[in-house]
Amino acid sequence: MLITPDIHLRRAVPADAQALADALRRNIDHMRPWEPYRADDYYTAQAQAARIAEPNQVTWLLFDRSAGGRVVGRVALSSIVLGPLRSASLGYWVDAEYAGRGLIPAAVEEVCRAAREELGLHRVEAGTLTYNKASQRVLAKCCFTEYGLAPKYLHIDGEWRDHVLFQRLLHDDPPAHLPK
């Protein structure tokens with residue numbers, strides 16, 4: 001899917017692992033205030049290939065065609081639970097050089113569409129650091145609603161940090177295997 005004339009969003013495949021690892025290494029300093037500590041091996045193609053292949057996660061990548069197809073962002077649904085819950089956790093980031101261009105809201109909208117239509121999910125949740133106003137604007141723009149606060153939720157940048165919790169209900173239909 002084209003996000004802009006040069007930025008393309010698609011599901012990640014194992015062959016994308018090196019480009020994703022390169023993007024992650026390129027953005028270590030940019031993401032440090034927002035991301036948990038990662039061991040050095042996280043930034044390898046092998047580790048990223050394993051993450052792409054995780055069975056309860058689906059990853060989409062943003063590619064810049066004008067920059068040789070390099071990875072410039074990621075949106076992922078993780079902790080996918082089916083059955084009566086039909087929910088997943090949303091995470092995303094964008095390359096420092098591409099921040100503020102509206103790429104992530106457009107990508108999140110497409111991922112929410114896929115969550116409903118392709119994965120059959122009912123709900124997507126996300127959490128942001130209490131002071132990450134840019135990420136909170138992304139979620140508000142994408143029709144997520146705030147529903148709580150998780151004290152000391154994740155260890156980020158040297159401390160346990162509080163997170164604001166958001167969710168987006170994708171539909172009110174019963175799970176596909178149940179009668180309507």
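Every number here is computed from the coordinates shown, using simple stated rules; none is lab data. Model, not experiment: these values are computed from the prediction. Heads up, the Cβs are rebuilt from the backbone with ideal geometry, glycines too, and the neighbour counts pull from every protein chain shown.
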Q: Please verify whether the stretch 91-102 includes one or more residues that are among the hydroxyl-bearing types (Ser, Thr, Tyr), surrounded by fewer than 23 Cβ atoms within 10 Å (Cβ to Cβ) and more than 21 Å from Asp16 (Cα to Cα).
A: no
**Q.** Subset of the stretch 126-157 [among the aliphatic types (A, V, I, L, M) and farther than 19 Å from Leu77 by Cα]
**A.** Ala134, Leu149, Ala150, Ile156
Q. Are there any pairs with C-beta distances below 8 angstrom linking a residue in the stretch 109-128 that is at positive phi to a residue that is among the basic types (Lys, Arg), with the two at least 6 apart or on different chains, and if so which?
A. Gly120/Arg86
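Among the residues of the stretch 33-56, count how many are under 21 Å from Ser135 (Cα atoms), within 16 Å of the chain's Cα centre (by Cα) and of a type outside the set (Asp, Glu). Lay out the reasoning, then the answer.
Pass one, the stretch 33-56, residues under 21 Å from Ser135 (Cα atoms): 33-38.
Filter once more, so that each one left must be within 16 Å of the chain's Cα centre (by Cα): 34-36.
With of a type outside the set (Asp, Glu) added as a condition, the list becomes 34, 36.
Qualifying residue count, the stretch 33-56: 2.
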Q) Is it fair to say Val72 is in contact (Cβ under 8 Å) with a residue 60 or more places away in the chain, buried (at least 19 other Cβ atoms within 10 Å of the Cβ) and within 20 Å of Leu9 (Cβ to Cβ)? A) yes
Q. Of all residues in the stretch 41-64 being over 25 Å from Val81 (Cα atoms) and of a type in the set (Phe, Trp, Tyr), which is surrounded by the fewest Cβ atoms within 10 Å (Cβ to Cβ)?
A. Tyr43
**Q.** Candidates Arg86, Arg74, Arg26, Arg70, filtered to the one that is charged (D, E, K, R) and either under 18 Å from Gly127 (Cβ atoms) or under 15 Å from the mean Cα position of the chain (by Cα) (or both)
**A.** Arg74
(Q) Just to verify a result, which residue in the stretch 10-28, among those that are touching a residue at least 60 places away in the same chain (Cβ under 8 Å) and in a helix (DSSP H, G or I), is surrounded by the most Cβ atoms within 10 Å (Cβ to Cβ)? (A) Ala23
